[in-house]
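Colleague: My questions all concern the structure below.
Readers should treat all values here as calculations from the given coordinates under stated rules, not as data from a laboratory. Bear in mind the structure is a predicted one, so any value in this text is a computation, not a measurement.
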Amino acid sequence: MNKKFSEYTFEDIEIGLSKEFEVIITESLVNDFAKVSGDYSPIHMDEIYAKSTTFKKRVVHGMLLGSFLSKVDGMYLPGKHALYFSQSVEFRSPCFIDDTVKVISKVIDKSESTKILKIETTMYNQNNKIILTGIGRVIVRDD
């Protein structure tokens, strides 16, 4: 795992700056997220139950995908100087185990008075289908 983070200051960041990364959703990742979140809903954890639903297989926790938004801010935009302020999330399509998720984030606004960035993120599966969209607001700290 790459633990290198960006060290952008507020002044370094321009509207349009973007970052992207990919994550392969493994069964282990889903199981670990269930342990951390406490969400063992059968739609996420029980293959037999999931086969009886309209999805026909286990659906990845939406908030597991949402956790990648934290990676965007804490590791890339702005990275070291980030402090989350708010986040909206819309789940557009289900994600499944073994999907490859591409996360693309872009700075769409910045406030000089508050030092808050507005970051738009879209996540796609390997078929280029949108699975999540969101707008985050991140304070860029001076320390």
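Colleague: Working from Cα positions, state the angle (0 to 90°, nearest 10) between the long axis of helix 27-37 and the longest principal axis of the chain.
Modeller: Around 70 degrees separate the two axes.
Colleague: Related question: Could you count how many Lys pairs in segment 37-136 have their Cα atoms under 16 Å apart, skipping same-chain pairs fewer than 8 positions apart? Walk me through the intermediate numbers first.
Modeller: Details: 71/80; 71/102; 71/106; 71/118; 80/115; 102/129; 106/118; 110/118.
For segment 37-136, the number of qualifying lysine pairs is 8.
Colleague: Could you tell me the ratio Rg/Rh of the chain? Both radii from Cα atoms, Rh via Kirkwood.
Modeller: Using only Cα positions, Rg/Rh for the chain is 1.03.
Colleague: Then there's this: Springs between alpha-carbon pairs under 10 angstrom, Gaussian network model over the chain: which of 29, 77, 65 fluctuates most?
Modeller: Maximum fluctuation in the GNM of the chain, among the listed residues, is at 29.
Colleague: Between 16, 38, 66, where does the largest GNM mean-square fluctuation fall for the chain, given springs only between Cα atoms within less than 10 Å?
Modeller: With Cα springs under 10 Å in the chain, the top fluctuation among 16, 38, 66 is at 38.
Colleague: From the helices alone, meaning DSSP H stretches of at least four residues, give me the mean residue ellipticity at 222 nm for the chain, per-run term -39500 (n - 2.57), in deg cm²/dmol to the nearest 500.
Modeller: Value at 222 nm, helices only: -5500 deg cm²/dmol.
Colleague: Another question about this same structure. Quick one: angle between helix 62-71 and the longest Cα principal axis of the chain, in degrees between 0 and 90, rounded to 10, please.
Modeller: Long axis of 62-71 versus the principal axis of the chain: about 30 degrees.
Colleague: In Å and from the alpha-carbon atoms only, list the Rg and Dmax of segment 24-100.
Modeller: Just the Cα atoms of segment 24-100 yield Rg and Dmax of 14.1, 46 Å.
Colleague: If one computes the Cα centroid of segment 10-68 and of segment 111-138, what distance in Å separates the two points?
Modeller: The distance from the Cα centre of segment 10-68 to that of segment 111-138 comes to 16 Å.
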